[in-house]
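J.: Dumping the structure here so I can ask a few things about it.
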Number of protein chains: 2
Amino acid sequence: MSLHEVPTVAPKCGDCPIRHRAVCARCEVDELALLDAIKYYRSFEAGQTVIWAGDRMDFVASVVTGVATLTQTLEDGRTQMVGLLLPSDFMGRPGRTNAPYNVTATTDLLMCCFRKKPFEELLSKTPHIAQRLLEMTLDELDAAREWMLLLGRKTAREKIASLLAIVGRRDASLNLRAPSGRLAFDLALTREAMADYLGLTLETVSRQMSALKRDGVIELEGKRHVIVPDYDLLLDEAGDDSDGGFLV
Amino acid sequence: MSLHEVPTVAPKCGDCPIRHRAVCARCEVDELALLDAIKYYRSFEAGQTVIWAGDRMDFVASVVTGVATLTQTLEDGRTQMVGLLLPSDFMGRPGRTNAPYNVTATTDLLMCCFRKKPFEELLSKTPHIAQRLLEMTLDELDAAREWMLLLGRKTAREKIASLLAIVGRRDASLNLRAPSGRLAFDLALTREAMADYLGLTLETVSRQMSALKRDGVIELEGKRHVIVPDYDLLLDEAGDDSDGGFLV
DNA sequence: CTTACTCCTTGACGTAAATCAAAGACGCGC
DNA sequence: GCGCGTCTTTGATTTACGTCAAGGAGTAAG
């Protein structure tokens, strides 16, 4: 998602342990001071719903720690995850009053929230933050469209490999490393959540995870901790050369 | 996509037959005059490529007439359409230099283009246009995510019905009508293009079109002209109650 | 008119993934 | 320890959709 890149100095926003991606790194000092004045924290337990589709939403927020999912459902209960919020990801829609999807915490979750009204005022006063927000939204749009390619055209195995590549890449970038060679990370998703993201059933996810393990593409410690012996090999399995550049 | 709604007065931008969605209807007079100064037209024949993924892109544009598609492909040729541009739709990415997907004309196509540099200057001078653009991008994001639900969880029949509902709805709104009851429109897509949009094969599309016809949900005149005797029935087949509110 | 092209339809068959079903693994409270 | 919940794995079977293949319909050129 790349703002003006990964943090290279200590975070500035009060006591937040993260750098808010909505803010331009070049001019962060003043704006973060402004943001600081209107922010508050909310925490959620694993499994709790942050907001339901259609609900009034009077804040925008950054994920501080934890993982949340965006999901949509059909009446008969079929559900599709349409986005994944990892630490430093932004959530919110300036100019909108209602949430378009369900947002659910899949781990314990801490969010740094900003009341929408003052945040919007801040936006109109500081056009370069508005511009930054447009860029982030365009990134999200690219990610969503990349995901459409996955959902429409990839095999189950490729889907799993793509998801692992993305989460692994994202995890590496949190540690300021480019993903390559050996990689290990926790996958904060149940098999069912993975299935909902990939448009599969949980059984198929489980089978393909087993297959990737059998073929030496990944190793598993317990159910959630994934070890990738060779990131490039995983990318090959993902079926495209985009190297998971989206959703970063 | 709904700016401050469907045109109710004559278009203002010079000789353009359409209202540019990037411009706020409330304040259009001044901005359209500005836009008028930096615009030019380009036309494409059916089948021609407007721009290739990765190419430098030094303009943004509105579709005046015709239909274009946004597609992504894997190396082995599997392709997925990730967006559809209908008249009045906007295409372009302020702040980006390269096109993220292939854009192809599926009919003869006329675009009203604006050179990117002056357009971006206009944006920074008129924050409410920037805000309008953010809203439009959020709409596109919603549409993409709605499409993810379709790709990941709907059956072939539901996919076809959803596509027809959306195109039909969009066509009706061009004529300032709410879609209901009987509807007739031209589907400017080949069976293959429909398949690429829906993540299916062209044979499956053809079979499901035949099935919908056999079941009286649609009638066909020739290959492309679709008659929907009862729009609500079509919506039922689409499998959700979102009523195709996206991509409008 | 014939030929040739593109696009579409329909059929027969194969297969990847869904569904149905059972049992294992892990954690948590008692 | 034991029971009980949730999550996961694995197997057997079904099915929706893909693949392969043949032919039809419309249109443009000769």
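The values are calculated or read from the model by the stated rules, or taken from the named source; none is laboratory data. Please read all numbers here as calculations on a predicted model, not as lab measurements. Cβ coordinates were reconstructed from backbone atoms using ideal geometry, including for glycine residues, and neighbour counts include every protein chain displayed. For accessibility, only protein heavy atoms count, side chains too; no ligands or nucleic acids. Shrake-Rupley method; radii C 1.70, N 1.55, O 1.52, S 1.80 Å.
J.: From A:Val64, A:Val103, grab the single residue that is modelled with pLDDT of 95 or more, open to solvent by less than 10 Å² (accessible area, probe 1.4 Å) and more than 9 Å from chain B (Cβ to nearest Cβ).
T.: A:Val103
J.: Looking at A:Gly199, is it closer than 28 Å to B:Gln80 by Cα and open to solvent by 10 Å² or more (accessible area, probe 1.4 Å)?
T.: Criteria met by A:Gly199.
J.: Moving on. Run down A:Asp186, A:Asp142 and say which single residue is farther than 15 Å from A:Leu234 by Cα, of a type in the set (Asp, Glu) and in the same structural domain as A:Tyr231 (by TED's automatic domain parsing).
T.: Just one listed residue meets the conditions, A:Asp186.
J.: Only residues that are open to solvent by 20 Å² or more (accessible area, probe 1.4 Å), part of a strand (DSSP E or B) and not basic (Lys, Arg): list them for region A:45-61, please.
T.: Matches in region A:45-61: A:Thr49 only.
J.: A follow-up question, please. Look at region A:67-83 and say how many of its residues are of a type outside the set (S, T, N, Q), open to solvent by less than 20 Å² (accessible area, probe 1.4 Å) and within 12 Å of chain B (Cβ to nearest Cβ).
T.: Looking only at that region, the number is 5.
J.: Is it true that B:Asp171 is assigned by TED's automatic domain parsing to the domain that holds B:Arg224, charged (D, E, K, R) and within 17 Å of the chain's Cα centre (by Cα)?
T.: Judged against the criteria, B:Asp171 is a match.
J.: Please go through region B:73-111 and pick out each residue that is without any contact (Cβ under 8 Å) to a residue 40 or more places away in the chain and under 22 Å from A:Leu151 (Cβ atoms).
T.: Residues satisfying the conditions are B:Thr73, B:Leu74, B:Glu75, B:Asp76, B:Gly77, B:Arg78, B:Leu85.
J.: Moving on. Given B:Pro179, B:Pro229, which one is more than 20 Å from B:Trp147 (Cβ to Cβ) and either of a type in the set (A, V, I, L, M) or surrounded by 13 or more Cβ atoms within 10 Å (Cβ to Cβ) (or both)?
T.: From the options B:Pro179, B:Pro229, the qualifying one is B:Pro229.
J.: What are the residues in region A:177-192 that are away from DNA strand D (no atom under 16 Å from the Cβ), among the basic types (Lys, Arg) and under 18 Å from the mean Cα position of the chain (by Cα), if any?
T.: Within region A:177-192, A:Arg177 is the sole residue that qualifies.
To keep it simple, each residue is scored yes or no on (1) open to solvent by 10 Å² or more (accessible area, probe 1.4 Å); (2) more than 16 Å from DNA strand D (Cβ to nearest atom); (3) at negative phi.
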{"residue": "A:Arg115", "(1), (2), (3)": "yes, yes, yes"}
{"residue": "A:Glu120", "(1), (2), (3)": "yes, yes, yes"}
{"residue": "A:Leu123", "(1), (2), (3)": "yes, yes, yes"}
{"residue": "A:Leu149", "(1), (2), (3)": "no, no, yes"}
{"residue": "A:Arg153", "(1), (2), (3)": "yes, no, yes"}
{"residue": "A:Leu164", "(1), (2), (3)": "no, no, yes"}
{"residue": "A:Asn175", "(1), (2), (3)": "yes, yes, yes"}
{"residue": "A:Met194", "(1), (2), (3)": "no, no, yes"}
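J.: Can you pull out every residue in region B:195-220 that is more than 14 Å from chain A (Cβ to nearest Cβ) and more than 11 Å from DNA strand C (Cβ to nearest atom)?
T.: Residues satisfying the conditions are B:Asp215, B:Gly216, B:Val217, B:Glu219.
J.: Exactly one of (1) more than 16 Å from DNA strand C (Cβ to nearest atom); (2) within 12 Å of A:Ala238 (Cα to Cα); (3) in contact with an Asp or Glu (Cβ under 9 Å, 6 or more places away or on another chain) is unmet by A:Ile166. Its number?
T.: With (1) more than 16 Å from DNA strand C (Cβ to nearest atom); (2) within 12 Å of A:Ala238 (Cα to Cα); (3) in contact with an Asp or Glu (Cβ under 9 Å, 6 or more places away or on another chain) applied to A:Ile166, the lone miss is (3).
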